[in-house]
Amino acid sequence: MNKLDFVQTILQGRGKLPGDELVSAYAPSNIALVKYWGKRQSELNLPMTSSLSISLASRGVTTALSLREQASDEIYLNQQKISAETAFAKRLSQFLDLFRPPGYAFHVHTHSNLPIAAGLASSAAGFSALVLALDLLFAWHLSDRELSLLARLGSGSACRSLWSGFVEWHAGKNENGLDSYAEPLNIEWPEFRVGLLIEHPEEKMMSSREAMKLTAATSPFYKVWPEVVAQDLEKIRTAILQKDFSQVGQVAESNAMSMHATMLAAQPSILYWQGSTVQNMQKIWQLRQEGMQVYFTEDAGPNLKLLFLAKDEYEMQKAFPKMEIVVPFG
Ligand code: PMV
């Protein structure tokens, strides 16, 4: 099945009637605690494994959308017009092609309060907000599951960005991709904190899309990755349900390190770390030895995200003055 057939299967004849409204939707960014790294099928973004994330509440993307009878899309990012020639605009317009009524172009105003492409999952929040806005614009009234399936086509991890709190993306088994969607875990954890240590806001050196492809194709360690994820998912689900913070932190940190280990062994090696990444890892290990319950995770970028509890907020802010603290269940 190709992308267009997939979209038509989900929409089941729901209209593409152009309205003249301006709609707007928000989606939070999400940080995987057990990562998605590698696809079993790339056309439909079907993952090798399931994954589990925490959403960042107020940190994410708002997208306003309208339709015009004109030749090409107009895309604004944080109030700046983006040239149609950029990779960002091309990726967005190609996604919108799947939903475009003939003769119409989209006006897209995206506002992100996250650094773009610094491994902070802004594309996940972006595609998720876009799908929510499309649902409003065309009055489809899709279910959460259907919205998650569509967001997945934009960027895999976008399918986890429709909710707050902990979210699991079920890998699914079917070739048609209809069983590969995310769902929230029904649990509140008001004391849970995520710290964003943004030392390098610049664009990352390789997209996660390219990096996971190279890893899967060339890394000898990729063979064990699905098994690592299966075990980590099992452990983290139980730990979340029991609110066993140390176990959640340990699993998340070790899963991120395992993912980066598969990348180091790719040919050529993929290393997202900068000097400050390593220094901060060492600082976190030192703090832990001193009794602080703090752990980190890292995606396809040099910035660490720290996991800790509300009781340690003051000490953590002192140790990392530049860190921004997110309250996922605020
Ligand atoms: O959804 P993508 O293609 O941006 O890939 C996301 C990859 C990681 O952020 C490293 C892991 C994850 O599960 O979010």
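The values are calculated or read from the model by the stated rules, or taken from the named source; none is laboratory data. The model shown is predicted, which means the values in this text are computed figures rather than measured ones. Counting neighbours? That spans all protein chains shown, and the Cβs are built from the backbone with ideal geometry, glycine included. Quick note on the areas: whole protein, heavy atoms, side chains included, nothing else; ligands and nucleic acids left out. Shrake-Rupley method; radii C 1.70, N 1.55, O 1.52, S 1.80 Å.
For Ile82, the residues 5 or more places off, or on other chains, whose built amide H falls under 5 Å of its own are Ile75, Tyr76, Leu77.
When the listed pairs Lys235/Lys283; Lys173/Lys213; Lys90/Lys204; Lys283/Lys305; Lys223/Lys305; Lys204/Lys243 are checked against a 22 Å cut-off, the alpha-carbon distance exceeds it for Lys235/Lys283; Lys223/Lys305; Lys204/Lys243. For Glu168, the shell of other residues with beta-carbons less than 9 Å away shows a net charge of +1, using +1 for Lys and Arg and -1 for Asp and Glu.
Per residue, the accessible area of the chain comes to 43 Å² when a 1.4 Å probe rolls over the protein heavy atoms.
Note: relative contact order over the chain, using C-alpha pairs below 8 Å and six or more positions apart, is 22 percent.
How would you classify the chain from its alpha-carbon gyration tensor, with a ≥ b ≥ c the square roots of the eigenvalues: rounded for a/c under 1.5, else prolate if a/b is greater than b/c, otherwise oblate? Verdict is prolate for the chain.
In the chain, the portion of solvent-accessible area held by carbon and sulfur atoms comes to 52 percent [1.4 Å probe, whole percent, DNA, RNA and ligands not counted].
Based on the Cβ-Cβ distance of Lys3 and Gln286, what FRET efficiency does E = 1/(1 + (r/R0)^6) give at R0 = 56 Å, to the nearest 0.05? Efficiency computed from Cβ-Cβ geometry: 0.75. When both the range 161-196 and the range 270-319 are represented by their alpha-carbon centers, they are found 23 Å apart.
Can you classify the range 195-330 as rounded, prolate or oblate using the Cα gyration tensor, where a ≥ b ≥ c are the square roots of its eigenvalues, rounded means a/c under 1.5, and otherwise it's prolate if a/b beats b/c and oblate if not? Oblate, since a/c reaches 1.5 and b/c is not below a/b.
Each residue, Leu264 and Ser143, gets one label point 7 Å from its Cα in the Cβ direction; the gap between the two is 4.4 nm. For the pair Ser254 and Ala84, label points projected 7 Å from Cα toward Cβ lie 5.2 nm apart. Would you mind classifying the range 1-146 by shape? Square roots of the alpha carbon gyration tensor eigenvalues, ordered a ≥ b ≥ c; an a/c under 1.5 is rounded, otherwise it is prolate if a/b is larger than b/c and oblate if not. Oblate, because a/c is 1.5 or more while a/b does not exceed b/c. Here's the picture: a label point sits 7 Å out from the Cα of His111 along the beta-carbon direction, and within the range 51-68 the residues with their amide nitrogen under 18 Å of it are 57-66. Dividing the radius of gyration of the alpha carbons in the range 166-275 by their Kirkwood radius gives 0.99 for Rg/Rh. Computed from point charges on the beta carbon alone (+1 for Lys and Arg, -1 for Asp and Glu), the dipole magnitude for the chain about its Cα centre is near 360 Debye. Counting 0.36 nm for each residue step from Leu241 to Ser58 and taking away their Cα separation leaves a gain of 63.5 nm.
Fully extending the segment from Glu324 to Leu22, taken as 0.36 nm per residue of separation minus the present Cα-Cα distance, adds 105.5 nm. Summing +1 for each Lys or Arg and -1 for each Asp or Glu among the other residues whose beta-carbon sits under 14 angstrom from that of Ser83 gives 0. Rg and Dmax over the alpha-carbon atoms of the range 232-288 stand at 13.8, 41 Å. Nearest 10 degrees, 0 to 90: what angle lies between the long axis of helix 144-154 and the longest principal axis of the chain (Cα atoms)? Tilt relative to the chain: about 90 degrees. Between Gln293 and Lys213, the modelled label-to-label distance comes to 4.2 nm, taking each label 7 Å out from Cα in the direction of the beta carbon.
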